[in-house]
Amino acid sequence: MVPGDQRAPCSASAWRTFLIANEWNEIQTHRKVNPLLQLFAVMLLLEVAGLKNLASRDLNVNLHPGPNAYRASWSPVLRFGIAASVWLAVGIVQVVLSVSLYERFVEDKIHQFVDLCSLSNVSVFILTHRCYGFYIHGRSVHGHADVGMETMHLYLRKEEENLCPLRGLEPNSDVQTFEVLLTERMRALYDRVTQSFTETPRGLRAQSDLHEQRLKGYYTLNRFLVSFFEHRHQEMDYVVKDKFFLEQVMDMEFQGPTDTSVLYNDDGALFSRTLFYRHELLLLLFETLVFSAVDLGAQDFVLATIVTFVVQTLLRMLRDALGRRNLAEKTLVEKQFLI
């Protein structure tokens, strides 16, 4: 988290960083699919609508056979096909409705997070690999964010009436999210700056001074990142450009290592790749396999639903715990403030 008005250690309110950290913590496990609705709809179709009877070896299928009707044995292949098809169909319908209707007319938490960064005057820098990551430009076009409600509404009206600059990183641009490709030199300097976050000194005195050391490292890192994005380091500068069409289609960069870092314009909020949100298909396939595997072993869709719910809950709790710990380590926001 990089306060946009970082000029001195006391210039930025910690509450704005806490706000952005909490919002990021909240959207870490946000999905396009509602897990409980998914389980309910699948059970409704399989058990109540009777689609499970399509897995019978008998060609004369009856979705609602009577108590005295002849019932042929289940076909494992058909049972797996019916269970997986229903699960994926319900999930895909949820994704389509979420993207086309809910996010468009009700709430889009991913883009709301970017807007909140601008209002809070806090930028977010994320590294998923050594020299690859994402940047959310949250610097306020008004210069300050610690203002009253009346002033904030005045700021918003100015933006609506185009009486202030655009929110983008570059002049006359409204692009706030970027894919970042760093040079090895930039990464090496970044590692030196962040050593105080990862190294733990020995000794009682060192332990007592650990918090102060980490705090100094935090401000040093903020100043370093602010100066980098403001083009203050000519030897470690960067360029902003669009990806080629083929690069976008293949989701890769054709450019090799250079002496200049690159920020690729990103209109699709690709930083959500670090969240559950961008891995919906992978999660759907995983849950489909869990649901189908349990059903094939127990021949019971109800038990499969319960086990899948438990696995979903544990996976969400694990992602939340690991994400919370990582967030606390990287932003100095204590875990008790992440609610």
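The values are calculated or read from the model by the stated rules, or taken from the named source; none is laboratory data. Since we're looking at a predicted model, the values are computed, not measured. Please note: Cβ atoms are built from the backbone with ideal geometry, for glycine as well, and neighbour counts cover all protein chains shown. For the accessible areas, the whole protein counts, side chains as well, though only heavy atoms, and no ligand, DNA or RNA atoms are used. Shrake-Rupley method; radii C 1.70, N 1.55, O 1.52, S 1.80 Å.
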Margin query: So for region 138-160 (the condition being under 23 Å from His233 (Cβ atoms), at pLDDT below 90, aliphatic (A, V, I, L, M) and in contact with a Leu (Cβ under 7 Å, 6 or more places away or on another chain)), does at least one residue qualify?
Written below: no
Item checked: Which numbered condition Asp146 fails, given (1) assigned to a helix (DSSP H, G or I); (2) touching a residue at least 40 places away in the same chain (Cβ under 8 Å) -> (1)
Check: Which residue, of Phe244, Phe276, is among the aromatic types (Phe, Trp, Tyr) and over 24 Å from Lys109 (Cβ atoms)?
Finding: Phe244
Margin query: surrounded by 16 or more Cβ atoms within 10 Å (Cβ to Cβ), touching a strand residue (DSSP E or B) at 6+ places or on another chain (Cβ under 8 Å) and hydrophobic (A, V, I, L, M, F, W, C): is that true of Val90 in this structure?
Written below: no
Next item on the list: Name, by its number, the condition in (1) open to solvent by 20 Å² or more (accessible area, probe 1.4 Å); (2) hydrophobic (A, V, I, L, M, F, W, C); (3) within 26 Å of the chain's Cα centre (by Cα) that does not hold for Leu182.
Entry: (1)
Check: Out of the residues in region 219-260 that are at pLDDT 85 or above and of a type in the set (Ser, Thr, Tyr), which is nearest to Pro171 (Cα to Cα)?
Finding: Tyr238
Notebook entry, point to check: Is it the case that Leu101 is in a helix (DSSP H, G or I) and within 30 Å of Leu296 (Cβ to Cβ)?
Noted result: no
Next item on the list: Check whether at least one residue in region 113-136 is outside any loop (DSSP other than H, G, I, E, B), modelled with pLDDT under 95 and exposed (fewer than 13 other Cβ atoms within 10 Å of the Cβ), and report yes or no.
Entry: no
Check: Which of the residues that make up region 150-167 are of a type in the set (A, V, I, L, M, F, W, C) and either in contact with a Pro (Cβ under 7 Å, 6 or more places away or on another chain) or closer than 19 Å to Ile20 by Cβ (or both)?
Finding: Met152, Leu156
Next item on the list: Would you please list the contacts, defined by Cβ atoms under 7 Å and residues six or more apart or on different chains, that run from a residue in region 102-125 that is among the basic types (Lys, Arg) to a residue that is in a helix (DSSP H, G or I) and open to solvent by less than 10 Å² (accessible area, probe 1.4 Å)?
Entry: Lys109/Ile27
Next item on the list: Please tell me if Leu163 is open to solvent by 70 Å² or more (accessible area, probe 1.4 Å) and farther than 18 Å from Ile27 by Cβ.
Entry: yes
Check: So which residues in region 77-90 are more than 27 Å from the chain's Cα centre (by Cα) and either more than 13 Å from Lys52 (Cβ to Cβ) or not in a helix (DSSP H, G or I) (or both), if there are any at all?
Finding: Val77
Next item on the list: Six or more apart or on different chains, Cβ under 8 Å: which pairs go from a residue in region 247-272 that's within 28 Å of Gln234 (Cα to Cα) to one that's modelled with pLDDT under 85 and surrounded by 11 or more Cβ atoms within 10 Å (Cβ to Cβ)? Could you list them?
Entry: Glu247/Glu253; Val262/Glu253; Val262/Gln255; Tyr264/Glu253
Margin query: Conditions first: (1) touching a residue at least 40 places away in the same chain (Cβ under 8 Å); (2) open to solvent by less than 20 Å² (accessible area, probe 1.4 Å). Lys52 passes all but one, so which condition is the exception?
Written below: (2)
